[in-house]
Amino acid sequence: MLDCATQAMSEQITPGSGEMSLAGYAPPVWIASTFAPRWYADAIQEARVGVGRDARRREIVFAVCSAESYLVEWVRDSVLNREFDDLSKYFPAGKLEGILDRWKRVVKDLTADGRISKSQAFGGKVWQDFVELVEYRNGLVHGRSSRPATSGQPANLNPVPSMDLLDQLAPGWAAKVVQVLVNDLHSTVGTAPPAWRDPP
């Protein structure tokens, strides 16, 4: 006869079959490109070695492209500190907006949200030079520079920029306008500007 202790040890417990599953979510992978320094380097290259109206034309386009890219990249990397989900608040998908309106709106929104200390001033020479540069870029890209010119024609029908103006622009003017705008932005908010090369 088995005592209770021996009987308990001789019994086997066999678990039934079962299954285990784990559910998880892959973390998002963000890939971000930076173009502003490259666009700016293109503008500088045209300012340094390019001659004539075609070099000024390319410098203008490259300079404005650098400003357009810089605004997004500065907000993305410095202001939002790569909190990529917040980027669409300042740059909503599908919002059609020129760089002049976008620059002002984003800087003012960042100020209102307490993301930067204060907004740039948009009434002085720095901003007016950028407005002029963007008007030239728009004229070149959207075809207004291709309009025919004649004496006595209303000003709003004349080409912008004119070929005479392109011939007279100093090499480096367009790149300098963008550099001064970006430096003014950083001076306003109290941060260091990017280490881009000075125009000639």
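Normalised by the number of residues in the chain, what is the relative contact order in percent for Cα pairs under 8 Å and 6+ residues apart?
26 percent
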If you build the convex hull over the alpha carbons only and average its shadow over all orientations, what do you get for the chain? Give it in nm² to one decimal. 21.9 nm²
For Trp30, Trp196, which order do you get if you count the other beta carbons within 10 Å of each Cβ and list the fewest first? Trp30, Trp196
Stretch Lys125-Ile13 to full length: gain in nm at 0.36 nm per residue minus the Cα-Cα span? 31.6 nm
Exposed-loop cut sites defined as GluC sites (Glu not before Pro) in DSSP loop states with at most 13 other Cβ within 10 angstrom; longest site-free run of the chain spans 98-200
Please rank Ile44, Ile13, Ile60, fewest neighbouring Cβ atoms within 10 Å first, as an exposure proxy. Ile13, Ile44, Ile60
Those aspartates and glutamates that a straight Cα-Cα span of less than 14 Å connects to Lys118, excepting residues fewer than 8 apart in one chain: Asp109, Asp184
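The numbers here are math on the coordinates, done by the rules we state, and not lab data. Only a predicted model underlies this, so the values are computations on that prediction, with no experimental measurement involved. Counting neighbours? That spans all protein chains shown, and the Cβs are built from the backbone with ideal geometry, glycine included.
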